Structures are given as C-alpha cells and as structure tokens.
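The values are calculated or read from the model by the stated rules, or taken from the named source; none is laboratory data. For clarity, every value in this text was computed on a predicted model and none was experimentally measured. In this analysis, Cβ positions are derived from the backbone assuming ideal geometry, glycine residues included, and neighbour counts consider all displayed protein chains.
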Amino acid sequence: MSPTLSKAIRIDRHGGPEELKLVEVSVGEPGPGEIRIRHKAIGLNYIDIYQRSGLYNFAMPLQLGMEASGVVEAVGEGVTHLQVGDRAAYASQPPGSYCEVRVMPARCVCKLPDAISFETGAAMMLKGMTVQYLLRRTQPQGGLQAGDFVLFHAAAGGVGLIACQWARAMGLQLIGTAGSDEKCALAKAEGAAFTINYAKEDFVARVKEITGGAGVKVVYDSVGKDTFLKSLDCLRPFGLLANFGNASGKVEPLDLGLLAAKGSLYVSRPTLFTHLATRESSQAIADELFAMVTSGQVHIQIDQRFALADVAEAHRSLEARKTTGCTILTV
C-alpha cells in the first residue's frame, strides 16, 4: 500500500516563528495501539511556543502541535475504542498535530460527540481538559466549595475563558486578571465574578480588597515568572498556588522558607499529560469536558482562525498577547 502524503509544519532547530516550515511528509499505517487520523481542524496553544523556542527541549526535526480533531482513517492492532470513520479529537503527546494526516498513539484520542463541531473539538481539548484537571483535580486543602474565591491569571485567554465559565458552574467566585479593560470585560462576560487589569492595578492589593483581606484558596497561574511571587501574597493560609505555565518565563528557584512565612502554603507544578497517562483517565476527563460543552454550561470561543501555512503569523499573534479565546489552524 502506498504511503499517504501530508502537508505538515516542522522545525529543524529551536528559534522564532521564522523556523516554522511547511513540508510534505509521508504517513504510513498505524502500528499496535495507534491510529491514523485525517485532521479537520488543529488547535493552537502556548505550549507550542515553548516547544518551538526551546523552553521545552525536543530532538530535531520536530513536527509541532498538541491537539486536533478529525476522522479516523485506520486503526492499529489492539485499539478497541475507535473505529474507521469515527469523528475524534485529542490533546496528546508526542507533538505532531500541525499537519493534514498523522499516525499517533490512540490512548488519548476520544470519540467526538456529534453535537460538537470539528472546529470546537480542535479548540477545546487541551484547554478544556486543562481546566478540568485544574478546577476538579488540583484543589487546595479541604477542596473547593461554592462561594470560594479563586484567582485565575490570563483569564481572557483560551484556558481562562473556559475556566471562567466552569468556575461559575461550580459556584466559585473567580477573580480573573488580564492586561486590558477589553480583556477584563470579556472574562467578566464569561463568568468571572471579579476582574483585575494588571496593567493598571496591583492585583495583590485588589485581591485583598475583594476578599476582605482573607486572600484566595487557590491561584491558577500560567504566566509564571512575572506573577509567581505576587501570587503567593494572594493566598490565604494553607492556600495552593498551581503554576501550570510559563508565558512570561520560567519561575526562579524558590526559597521554601517563603511558604512557611506566608502561611504554610502549598505549591504545585501540574501538567495535563500526567493526568492523561492512561486511557481511562483520558476518557474520564474528556467525558466531563464533553458534558460541560454539550450542556451549554461551557461554550468554546474561537476568536482567531489561520490557515496551516500561516502558522508563523498565528505564533506571533499569540506571543504578542493579541489573541483572545481560542485559536485554530484550518486544513
């Protein structure tokens, strides 16, 4: 059987968006535990930038991309949860979704409900599953109850807007930070109880004001270096700081004595792919996300669309913080 040809985006070395090259690759048959999928849409995420720049180091050449949706074309031995012709979506290691067709591990690929479009499926898997593991699985001591205050940085981004809606559905009082009044208004419209424009306001002082001086139970922080230490100051005693990204750079080494001095605090550095290590866990997280979307409690906002060949422009927009909501690549 002759191999399938696919356009793909590849880098031969770490660097800026100019390293992203459109190439043609040969795609073979899936092996045991694998599928071949033809993409309908591809998700864009900040982790793609970390991998392109070298913050997360990979062997070269590297085909980027962590999520997509499409139709299953072939199924390898041992795969029982997917069949040829199934609509499917995923967020998965290893990278490689920036393409028309790929062979990949089936473990993290889930059947996409008919009620969810391919574009929505591509936009929501990594971001929505991230929100699920944060709000539902990465909780402070004693858990989260309706009425609790949480702080969520970058609340107008793709992950943030889903988190605003999901937190509202849980009855949480989410305080969202963003870099402009427009982005704050967007987060507020999607369910944030309070918003803080960090370009104009000291977010620590505002958090203390909003919470009557008590602080929040948990801070969800994907910004990293620029917000980490101030985020600790937003926590109440025994609070949790979950640092799940490095948009402003890696966090400096932490003096553990600070955690004692600031109230016996907890710090976690969780990742989605630890939670997606098994087929069962992947499906459970996806099922809860699908239920939130199909019920209407969470809607996925796609604000930017770029052709696959224009991915460098998409990366520049994301790095410049010019995007809101989700961004997809079309094939």
Response to the item:
Of the residues in the range 77-88, those that are of a type in the set (A, V, I, L, M) and surrounded by fewer than 16 Cβ atoms within 10 Å (Cβ to Cβ) come to VAL84
Item to complete: For the range 127-136, state whether one or more residues are outside any helix (DSSP H, G or I) and of a type outside the set (Asp, Glu).
Response: no
Practice prompt. May I ask you to say which residue of ALA91, ALA59, ALA74, ALA68 is surrounded by fewer than 22 Cβ atoms within 10 Å (Cβ to Cβ) and touching a residue at least 40 places away in the same chain (Cβ under 8 Å)?
Written response: ALA74
Worksheet item: Which one of ALA123, ALA106 is within 16 Å of LEU276 (Cα to Cα), surrounded by 18 or more Cβ atoms within 10 Å (Cβ to Cβ), in the same structural domain as VAL298 (by TED's automatic domain parsing) and among the aliphatic types (A, V, I, L, M)?
Response: ALA106
Worksheet entry | Among (1) in contact (Cβ under 8 Å) with a residue 24 or more places away in the chain; (2) out of contact with any Leu (no Cβ under 6 Å at 6 or more places or on another chain) - the single one SER317 does not satisfy | (1)
Discussion item. So for the range 253-268 (the condition being within 30 Å of ALA189 (Cα to Cα) and either free of Cβ contacts under 8 Å to residues at least 60 places away in the same chain or surrounded by fewer than 21 Cβ atoms within 10 Å (Cβ to Cβ) (or both)), does at least one residue qualify?
Written reply: yes
Item to complete: Could you grab me the full set of residues in the range 1-25 that are touching a His at 6+ places or on another chain (Cβ under 8 Å) and either more than 20 Å from ALA59 (Cβ to Cβ) or not in a loop (DSSP other than H, G, I, E, B) (or both)?
Response: PRO17
Fill in: Residue in the range 231-252 that is surrounded by the fewest Cβ atoms within 10 Å (Cβ to Cβ), counting only those that are at pLDDT 95 or above and touching an Asp or Glu at 6+ places or on another chain (Cβ under 9 Å)
PHE244
Worksheet item: Of all helices (runs of 4 or more DSSP H) completely enclosed by the range 166-240, which ones contain at least 2 residues that are farther than 28 Å from GLU319 by Cβ?
Response: 203-210
